[in-house]
Structure formats: C-alpha cells, structure tokens
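Notes follow the structure.
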Amino acid sequence: MRKALVAGNWKMNGTINDVKELTSKICQTEWNDVDIMLAPSFAHMHSVSEILSGTNVLLAGQDCSEFDQGAFTGETSADMLADLGCTHVIVGHSERRQFFGDDDLRVARKARKAQIKRLCPIVCVGETLEERDSGKTTEVIERQLCAVFEMIENKFVIAYEPVWAIGTGKSATPEMAQEVHENIRQYSAAHSHANGSDLRILYGGSVKPDNADELFSMPDIDGGLIGGASLDSESFLKICCSAAKLIN
Ligand code: 13P
C-alpha cells in the first residue's frame, strides 16, 4: 500500500520570517495518513529545519550537486542537505532542465549521488506543450526515466509535472494525469529496481485546493508536488487534507 505524500516546493520565494511563519502554521496540524514534506531554498533550510525538528514533517532539498564536494561555486551537495536534516531531494525539476542546463544525464547523476548519500530522490519528469501536441508525451517521459533508471537503486519517488501546467493555473485533467501516471508505473515496474505497486508517483502543476480532490481520486496519483499553493498555509493544508482523505 502506498502512503500519500504532499510536498511543498517553495522555489526561490520569501524571506526567513515568511518561511518561519509558514512552517510554523503547517506544523500546527499533526498528520498520520499522509506524509508532508517541505522544500525550502537552501538559504532558508536551517531555519525551517529547526522548526521541523520533533515533528513528522519531512524536509527536502530543491536540487543537489552531482559532485561530492569541492570547487563548485553556488552548488549544494547531497551531504550538506543531509546534514541539515533533509531526507529527500528534488532532481530534474523542469525549471532546472529549462534554465540551468540539467539534461537527462546530469539528472541521473544527481539522483544517484542523492541515493549514495542516503537521500531519497524525487525525480521530476514531464513534457512541454509542444511535445504533448505532437503526441510525444510517452516517448519524452520514458526517455527521462530511462536515463535515471540506468543509474539508481530502488528507493525513489517520481513526480509527473507537465511543463505547460507549472505555474500557469492550467492543471492537467485528472484523466490526463492518470493516463501518464499509469504508464509511468508500468514502465518503472519493467525497467527499474522499484516494485511498481509500491512506487509513489506525485502529480505537480497548478494543484490547488479546488482541484486536489479530483486529482487525488485517481488510482495512480499518490500525492502532489505543490508550487504556488504551498506558499499559502491555508491552501497547502487544504491540499494535504484532500490527500489524507482520498489516497490509500
Ligand atoms: P505550481 O503548483 O505553482 O504549478 O508549481 C508546480 C511545481 O513546479 C512544483 O514543483
């Protein structure tokens, strides 16, 4: 059985005071039926980590380096994240792929480095609008997954985030998302070390309180990776409630 997971990806937003307040509000509720995770920027990680200690809310990095350590200005190593209490790290987010040159191979190396350092990678995949419109969704996602599966062991999470749905207010329909999630599960069962039925596959892309119920009702959607709506505690907590109610 798969336990629901809802992760807030805060991206590059807010001040230390903003994120402290947000974290404290999110921690006021105790969750058992759903894993809650927060991914602050590295600059805010220590402050958030302090508030999370003693709670069961999980902490994740938004990215990590493919390298161990050394002269890599601006990078964050998997060890640094683990040191601050992270259990997970997002790799291959479409914003990293689009703006920072993270190609399939680098994403795979980051996922592998995360696992070596005992962090669970959350591997993001997703197609652009152009790729969807030309019927290439499955091909693109399988290419992205294949690169990672060649390098990693069995403990990982996948996040399906269609690029056209991120930050646009235009979520995939539940049926569209379900179709891709089902394919991802089958492909992963056949081509990775994961047991397909245990693999958690999150949906991300304009998840809001008013569409979370219908998305989380789908059999292969095990939770969400939430951007904009996770910056508002009330919205994020409503999405967590939907997951707790509908998944498992
Ligand atoms: P939005 O929820 O703002 O569309 O962002 C999704 C996302 O990129 C989460 O990683």
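Bear in mind that the values in this text are calculations on the coordinates, not laboratory data. For clarity, every value in this text was computed on a predicted model and none was experimentally measured. Heads up, the Cβs are rebuilt from the backbone with ideal geometry, glycines too, and the neighbour counts pull from every protein chain shown.
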Scanning for something under 26 Å from GLU182 (Cβ atoms) and crowded, with 21+ Cβ neighbours inside 10 Å, does the range 127-136 turn up at least one residue?
yes
Out of ASP232, ASP213, which single residue is away from the ligand (no atom under 15 Å from the Cβ) and touching a Leu at 6+ places or on another chain (Cβ under 9 Å)?
ASP213
Within the range 39-68, track down each residue that is more than 16 Å from the ligand (Cβ to nearest atom) and among the small types (Gly, Ala, Ser).
ALA43, SER47, SER49, SER53, GLY54, SER65
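Evaluate the following for ILE152: is it touching a residue at least 24 places away in the same chain (Cβ under 8 Å), out of contact with any Gly (no Cβ under 6 Å at 6 or more places or on another chain) and farther than 16 Å from LEU225 by Cα? Let's see the steps before the verdict.
Values: touching a residue at least 24 places away in the same chain (Cβ under 8 Å): yes; out of contact with any Gly (no Cβ under 6 Å at 6 or more places or on another chain): yes; farther than 16 Å from LEU225 by Cα: yes.
Criteria met by ILE152.
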Qualifying residues in the range 77-113 (those that are part of a helix (DSSP H, G or I) and touching a Leu at 6+ places or on another chain (Cβ under 8 Å)) - the one surrounded by the fewest Cβ atoms within 10 Å (Cβ to Cβ):
ALA82
So LYS238, is it of a type outside the set (S, T, N, Q), surrounded by fewer than 19 Cβ atoms within 10 Å (Cβ to Cβ) and within 15 Å of the ligand (Cβ to nearest atom):
yes
More than 15 Å from the ligand (Cβ to nearest atom), under 18 Å from the mean Cα position of the chain (by Cα) and either crowded, with 18+ Cβ neighbours inside 10 Å or part of a strand (DSSP E or B) (or both): which single residue out of ILE152, ILE158, ILE122 fits that description?
ILE152
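Conditions (1) touching a strand residue (DSSP E or B) at 6+ places or on another chain (Cβ under 8 Å); (2) within 18 Å of ALA111 (Cβ to Cβ), marked per residue:
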site: ALA147; (1), (2): no, yes
site: MET176; (1), (2): no, no
site: ASP198; (1), (2): no, yes
site: ASP210; (1), (2): no, no
site: ILE226; (1), (2): yes, no
Count - residues of the range 27-53 that are part of a helix (DSSP H, G or I), within 14 Å of LEU237 (Cβ to Cβ) and touching a Cys at 6+ places or on another chain (Cβ under 8 Å)
0
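Which residues, taken from the range 173-204, are within 11 Å of the ligand (Cβ to nearest atom) and either farther than 22 Å from GLN62 by Cβ or touching a His at 6+ places or on another chain (Cβ under 8 Å) (or both)? Outline the logic, then answer.
Filtering the range 173-204 down to residues within 11 Å of the ligand (Cβ to nearest atom) leaves 202-204.
Once the filter is applied, which keeps residues that are within 11 Å of the ligand (Cβ to nearest atom) and either farther than 22 Å from GLN62 by Cβ or touching a His at 6+ places or on another chain (Cβ under 8 Å) (or both), the range 173-204 yields only TYR203.
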Taking the criterion of being closer than 13 Å to PRO219 by Cα, of a type in the set (Ser, Thr, Tyr) and part of a loop (DSSP other than H, G, I, E, B), would at least one residue in the range 175-194 satisfy it?
no
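Applying the selection to the range 209-248, what residues are of a type in the set (Val, Ile, Thr), within 22 Å of GLY167 (Cβ to Cβ), outside any helix (DSSP H, G or I) and in contact (Cβ under 8 Å) with a residue 60 or more places away in the chain?
ILE226
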